[in-house]
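Presented below is the structure to which this report refers.
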Amino acid sequence: MKNYILLLALLVSAKAFAQNFKNEFGFRSENDAYLGMGQDRYYTNGLFITFRHAIRPNFHSTDIVKKTWEAEFGQYMYNAVSGSVRNISDVDRPFAAYLYGGAKINWFKRNESNFQAGFQIGTIGPDSKGREVQEALHRIVGFYTINGWQYQVNNEMGVNASFNFDKLLFRKNNNDFILNTSANLGNTFSGLGVGITYRTGALNPIFSSITTNSRITNNQSDTVKRESFFYARPSLKFVGYNATLQGGLFQKDKGPVVYTPNRLIFSQEFGLMYAKNRWSLNFGVIFQTKELKEQIKSLQYGTASIFYRFN
């Protein structure tokens, strides 16, 4: 009887300290104000709400160790070099927002590669509510009066697909390099991307890491350790189509101000990630080359996220 009680106590303790969770919910916010430089240009705000769930693994497969799906609702918002322009000639980047809902599914392999496929339905133009959101934000925090959304791109619904593939290239001690590739196809965004993520610190494999949003699991035998690391992510993107710059692909009247994008865009992201038990935190800064030759300055903004895991 004593042995049975001891065994039961050990099982309960193991379950309590395993800290494995199959659901995750959280927010990501992106804004150039996070850099503390008093600017409000181009990619001015992004807000994203995400729920993730780990699917019960197929134990007959020795290759795929984890599957997850996620649902997301979000909005990207853009203005010119300022959110308050004097007239249409000052609009060096179209005022635009993209409001969407979407879903993604992820497959994580034992060899530390993963594939993601996603689908979104959204809209640009006045229906995306960029003007209303930016005006409300500025009223709440006491910023300047907005002017320029009368020049935004016209309405168009968008159907967009995304595909991402990541692969561990090299790891030694507390340092590694991960290949990142992406493809987008749709009438709002189309293009290709490639980059490298460098991490240094307390790292997990990419099938159980905050890097790939894979700390959730439906297998209680998984070990998901604490993470804390610095990362750098240079990337190069080819732009096929961007409706926030060019207006709706299928619209004849695309808006009062639209531009042809630069086809190649380089960006560099630096940041810190931390994750333990139920919580994940991330803060990064992104520096990006100009989307248009007409832009007066390049892009720079910050990204912050917080996620909570539960069963």
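The table below lists the values:
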| quantity | calculated |
| --- | --- |
| Residue in the range 121-137 that is over 24 Å from residue 248 (Cα atoms) and assigned to a helix (DSSP H, G or I) present | yes |
| So residue 228, is it crowded, with 20+ Cβ neighbours inside 10 Å, over 30 Å from residue 123 (Cβ atoms) and hydroxyl-bearing (Ser, Thr, Tyr) | no |
| Check on residue 255, touching an Asp or Glu at 6+ places or on another chain (Cβ under 6 Å), of a type in the set (Gly, Ala, Ser) and surrounded by 14 or more Cβ atoms within 10 Å (Cβ to Cβ) | no |
| Test: residue in the range 81-91 that is under 25 Å from residue 179 (Cβ atoms), surrounded by fewer than 23 Cβ atoms within 10 Å (Cβ to Cβ) and over 21 Å from the mean Cα position of the chain (by Cα) | no |
| The listed residue being surrounded by 20 or more Cβ atoms within 10 Å (Cβ to Cβ), in contact (Cβ under 8 Å) with a residue 60 or more places away in the chain and within 17 Å of the chain's Cα centre (by Cα), out of 308, 301 | 301 |
| In the range 235-248, the residues that are out of contact with any Leu (no Cβ under 6 Å at 6 or more places or on another chain) and surrounded by fewer than 16 Cβ atoms within 10 Å (Cβ to Cβ) | 236, 240 |
| Every residue from the range 173-212 that is over 29 Å from residue 263 (Cα atoms), surrounded by fewer than 20 Cβ atoms within 10 Å (Cβ to Cβ) and of a type in the set (S, T, N, Q) | 173, 174, 175, 200 |
| Among (1) buried (at least 20 other Cβ atoms within 10 Å of the Cβ); (2) within 30 Å of residue 93 (Cβ to Cβ); (3) out of contact with any Pro (no Cβ under 9 Å at 6 or more places or on another chain), the one test that residue 271 misses | (1) |
| In the range 52-68, residue nearest to residue 146 (Cα to Cα) [restricted to those that are free of Cβ contacts under 8 Å to residues at least 60 places away in the same chain and either of a type in the set (Lys, Arg) or surrounded by 15 or more Cβ atoms within 10 Å (Cβ to Cβ) (or both)] | 67 |
| Some residue of the range 54-73 being in contact with a helix residue (DSSP H, G or I) (Cβ under 9 Å, 6 or more places away or on another chain), farther than 20 Å from residue 289 by Cβ and of a type outside the set (Phe, Trp, Tyr) | no |
| Members of the range 284-302 found to be hydrophobic (A, V, I, L, M, F, W, C) and under 17 Å from residue 90 (Cβ atoms), listed by number | 292, 296 |
| Flag if residue 140 is in a helix (DSSP H, G or I) and either among the hydrophobic types (A, V, I, L, M, F, W, C) or in contact with a Phe, Trp or Tyr (Cβ under 9 Å, 6 or more places away or on another chain) (or both) | yes |
| Which listed residue, of 151, 98, is of a type in the set (Ser, Thr, Tyr) and within 30 Å of residue 206 (Cβ to Cβ) | 98 |
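Yes/no per residue for (1) more than 30 Å from residue 230 (Cα to Cα); (2) without any contact (Cβ under 8 Å) to a residue 40 or more places away in the chain; (3) touching a Phe, Trp or Tyr at 6+ places or on another chain (Cβ under 8 Å):
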site	(1), (2), (3)
133	yes, no, no
148	yes, no, yes
154	yes, no, no
157	yes, yes, no
165	no, no, yes
169	no, yes, yes
176	no, yes, yes
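Taken together, the values in this text are just the output of simple stated rules run on the coordinates, not laboratory data. Here the structure is a predicted model, which is why all the values come from computation and not from measurement. Every residue, glycine as well, gets a Cβ built from its backbone with ideal geometry; the counts of neighbours run over all protein chains shown.
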